[in-house]
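Following: one structure in C-alpha cells, then a few remarks.
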Amino acid sequence: MFLSRLNLTIACFVLAVSIAATSSAYSQKILKAAGGNPGAASHAIITIFSKIANRETGTSIQINDGQTLTKTTLALGLGKLDLTPSVPAIIKYLQHGQKMYRKIKGRAQEASGNVRGIMGWMANWFHPVVFASRPIKKWTDIKGKRVFTGPPSGAAAVTAEMIIRIATGYKPNVDYKAIRLNWGAGLQAMMDGQLDLYMRPAPMGSAMIEQLGLSRKFRLLNVSKDVVASAGWKKLEKIPGRLTGIIPAGTYKGQIGKNDVTVGAATMILVARKGLSNDLVYRMTKAFWDNLNEVHSTVHTLKSVSKKQPLLTLNTPLHAGALRYYKEAGIKVPAKLIPPEAR
C-alpha cells in the first residue's frame, strides 16, 4: 500500500513537472510584436513576417497594430516587445537620446543596447498629396495652409517638415500650420477637406493613397532638380534611411500629371529584442527569406523587399540568430553589424 501511494505521488510529481515544462516552453513561443496602421509598411511587414514565422516555426506572434514606431522601438529596447518594425532615424535618436528621447536620454541609450536587427528594405515614399480642387501646384503655394505632417511624436513628422523647409524655406506653425495627428485621424481629416496638403510616407501603390484618389483627383508635389541638388537636400539624405525616390506618373487612380514625381523616400528595418532565442530568430529569418516569393505575391506593397539588399541602411547590430542565417546564405555582413555577443 505504501509503495503504491509512493508511486502515485512520484507519478503526480513527474506529471506536474512535465505540465509546467510544457507550459513554460509554450509560453516562450508566444511573442509580442507591434506595427503601424493597416496599409502602412510597418503593418504589412510585421503581418506577413508573423504569418510565415508562425507557420514555419510554430510560434504565436501577437501583433498590437496602430502603434507609433518611436514608442514601439523604445518598448522593445526596454524588453516589453519582441519584434517591431522601425526606421534607421529612430534607432539613431534612441542610441544618442535625441529628439523625442532627449528627456529620457540615459534610459533611451540603455534601451538601444537591446535592439537587434533582422532586415532592412526600401519601404516608403513621402507622398505630398493635394486635391486638384485646391490652388496648390507647387511647394511655395502652401504658405498659410494647413499641412498634415504626421503623428505628434513620430519621426515621420520631423522628416516631412524638413522636406518642406528645404523645398520652401517655410517653418512649421510660422509660414504654414503643421497639423500633427495620428495616422487614422490625419487620413480622415484629408478626406473631410480639413487639410490642404497631406504628407504621408507610404509604400508604392499604397491603398491609403489610392483611397484618396477614389473620391477626387489629386496631384503629388514634385521636388525640383535644384532642390535635390541643394545642400539642404544632401543633409536630408545623410539622415539614416532617408533617400530620394521617384513615384511614376499614373501610379494611382485619380493621380493627375503626366510626369514622374521626385519625392523624399525612406527605408525601414525590422528589429528584435536581443534576448530573443538565437535559434528562433535564425529560423524565423530563414523562413521569411525562403518564402520571399509568397511575400511579393500576397503583399504588393512589399515588392521592394529584396534579398539582394537584405541589410539596407540597417544601423543597429544584427541579432545573433539573423547573423547566423546571413552567414550561411553567403551574404556579406559589415563588421559594424556584428553584435558584441557574436564576436
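The values are calculated or read from the model by the stated rules, or taken from the named source; none is laboratory data. The structure presented is a predicted model; accordingly, all values stated were derived computationally and were not measured. Please note: Cβ atoms are built from the backbone with ideal geometry, for glycine as well, and neighbour counts cover all protein chains shown.
Observations on the model:
- Pair list, Cβ < 7 Å and 6+ apart or interchain, from the stretch 304-321 residues that are in the same structural domain as D279 (by TED's automatic domain parsing) to residues that are among the polar types (S, T, N, Q) and buried (at least 22 other Cβ atoms within 10 Å of the Cβ): L312/T267; T313/T267; G321/T285
- In the stretch 262-282 there is at least one residue that is over 18 Å from the mean Cα position of the chain (by Cα) and more than 24 Å from T72 (Cα to Cα).
- Scanning the stretch 84-118 for residues that are outside any helix (DSSP H, G or I) and of a type outside the set (A, V, I, L, M, F, W, C) returns T84, P85, S86, G97, Q98, G113, N114, R116, G117.
- So L81, is it within 15 Å of the chain's Cα centre (by Cα), among the hydrophobic types (A, V, I, L, M, F, W, C), assigned to a loop (DSSP other than H, G, I, E, B) and crowded, with 18+ Cβ neighbours inside 10 Å: yes
- Subset of the stretch 128-184 that is at pLDDT below 95 and in a helix (DSSP H, G or I) - its residue that is nearest to N222 (Cα to Cα): T159
- Selection within the stretch 281-304 - part of a loop (DSSP other than H, G, I, E, B) and within 26 Å of K29 (Cα to Cα): N291, V299
- Residue that is in the same structural domain as W289 (by TED's automatic domain parsing), more than 23 Å from P151 (Cβ to Cβ) and at pLDDT 95 or above, where the choices are T47, T57: T57
- Put simply, of K308, K336 the only residue that is among the basic types (K, R), more than 17 Å from the chain's Cα centre (by Cα) and under 26 Å from A202 (Cα atoms) is K308.
- Selection count, the stretch 204-234, where residues are outside any strand (DSSP E or B), in contact (Cβ under 8 Å) with a residue 40 or more places away in the chain and charged (D, E, K, R): 3
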